[in-house]
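Enquirer: Structure provided below as structure tokens; questions to follow.
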Amino acid sequence: MNDRSDSSPHEPVTPDALLHTGAGGEVSAEDLVLASGRDVTPQNLAWAERKLAAEGPAALDKLLP
């Protein structure tokens, strides 16, 4: 029996070339908030803007695995 009953053995796999964080381009405060798993609120956007000002786009890379 298949241990992965929630997925089909013939599901397509996303190619590595299409998987990216977007950190190669411009990172917005909203991107950082969403990557952190937080809701987009004025307080969280302010946090993200401060973090981006201090760390630059690398702030997003630090949040993602």
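Enquirer: Per-residue HN-Hα couplings for the stretch 25-38, Karplus 6.51 cos²θ - 1.76 cosθ + 1.60 at θ = phi - 60°, whole Hz, x for Gly and Pro?
Expert: Per-residue couplings from phi come out as x, 6, 9, 9, 4, 5, 4, 5, 4, 5, 5, 7, x, 8 Hz.
Enquirer: Just to be sure I understand the model, the point goes 7 Å from the Cα along the line to the Cβ. What's the resulting residue 47 to residue 13 distance in nm?
Expert: Taking the two extended label points, one gets 3.6 nm.
Enquirer: Right, here's the next one. What are the ³J(HN,Hα) values, in whole Hz, obtained from phi via the Karplus relation 6.51 cos²θ - 1.76 cosθ + 1.60 with θ = phi - 60°, for each residue of the stretch 56-65 in sequence order, with x given for Gly and Pro?
Expert: Going residue by residue, I get x, x, 5, 4, 5, 4, 5, 8, 9, x Hz, with x marking Gly and Pro.
Only the coordinates and a few stated rules stand behind these numbers; no lab work does. Just so you know, these numbers come straight off a predicted model, no measurement behind them. Reconstructed Cβ throughout: ideal geometry from the backbone, glycine too, with neighbour counts over all protein chains shown.
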